[in-house]
1. Taking Cα pairs under 8 Å and at least six residues apart, what relative contact order does the chain come out at, in percent?
2. Taking the chain as a Gaussian network, where each spring joins two C-alpha atoms under 10 Å apart, which residue of G92, G185, G32 fluctuates the most?
3. If I take R0 = 41 Å and measure r between the Cβ atoms of T170 and T192 in this structure, what FRET efficiency does the formula 1/(1 + (r/R0)^6) give, to the nearest 0.05?
4. Which residue fluctuates most in the GNM of the chain (Cα springs below 10 Å): L45, L156, L142?
5. Just grab the label-to-label distance for A56 and I26, each label 7 Å out from Cα along the Cβ direction, in nm (one decimal).
6. What does the net charge come to around S62 if you take all other residues with beta carbon closer than 12 Å to its beta carbon, with K and R at +1 and D and E at -1?
7. Given springs between every Cα pair under 10 Å in a Gaussian network model of the chain, which of M165, M17, M58 has the largest fluctuation?
8. Which residues make up the longest stretch of the chain that has no chymotrypsin sites (Phe, Trp or Tyr not before Pro) in a DSSP loop with at most 16 other Cβ atoms within 10 Å?
Amino acid sequence: MSFSVNKLRGFTLIELMISIVIGLIILSAVIGIFISMIKADNDNLKVIRLNQELRAAMSLISREIRRAGANRNAAFNTSTTPPSNPFTVAGGTRLTISGNKQGDLNSCITFSYDANDGSNELYGYRLNSADGTIEARANAALCAANGWLTINDEDLVNITVLSFMDTTTTEAGINSRQISTTLAGQLRSDPTIKRTLTETVKVRNDEI
């Protein structure tokens, strides 16, 4: 029996090396794509976590500001002479924007509304720039006072900006009080992941 020499030939060393190099190039490309996909997914999850934390805080603050000056006894108070609202008293219960404990301008807001019993409950939100958190307090007469509580996840997010601005407009002699809130933060584990939110709330009950 005789065999063809060509049929018995295998790969030469050069052909084998070329095949290995091509295989490594393809494998490297696949691994690179896989790593890029994992990194993109991880970055996306970080953005989602930061966005959820900031939006939750913004939603809470906006809902509370919207309630400023709410008075369950409004029908009675407006019948007095002059009409009065105990939740919008200048220098006391009226919505006020001021600085925080560290002296950052427009980083604290205090206001009052009738929560449950007709008494003058005071509420407030402020930036604590010393540790990068948002703080809240009931009976918040003074922005520089102690006893405020952190409302965001301080291990997850570093709050860099919390500021309030009165953007009241006047149409036909009628004031429409609006408060714009700007909130910015970054992940503590990755400061390159940042987010800024701005929301404007119309305060229907607060007099100016």
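Laboratory data are not the source of any read-out in this text; all were calculated from the coordinates shown. Fair warning: this is a prediction, and the values are worked out from it, not measured in the lab. Counting neighbours? That spans all protein chains shown, and the Cβs are built from the backbone with ideal geometry, glycine included.
1. Details: 367 pairs, mean separation 38.3, N = 208.
Result for the chain is 18 percent.
2. Between G92, G185, G32, it is G32 that shows the largest mean-square fluctuation.
3. Details: r = 43 Å, r/R0 = 1.04.
After rounding, the FRET efficiency stands at 0.45.
4. The residue that fluctuates most here is L45.
5. Here the modelled spin labels are 4.7 nm apart.
6. Values: positive: R55, R63, R66, R67, K202; negative: E64, E199.
Value of the local net charge: +3.
7. Looking only at M165, M17, M58, the biggest GNM fluctuation is shown by M17.
8. Details: sites that count: F3, F11.
In the chain, the maximal stretch lacking such sites is 12-208.
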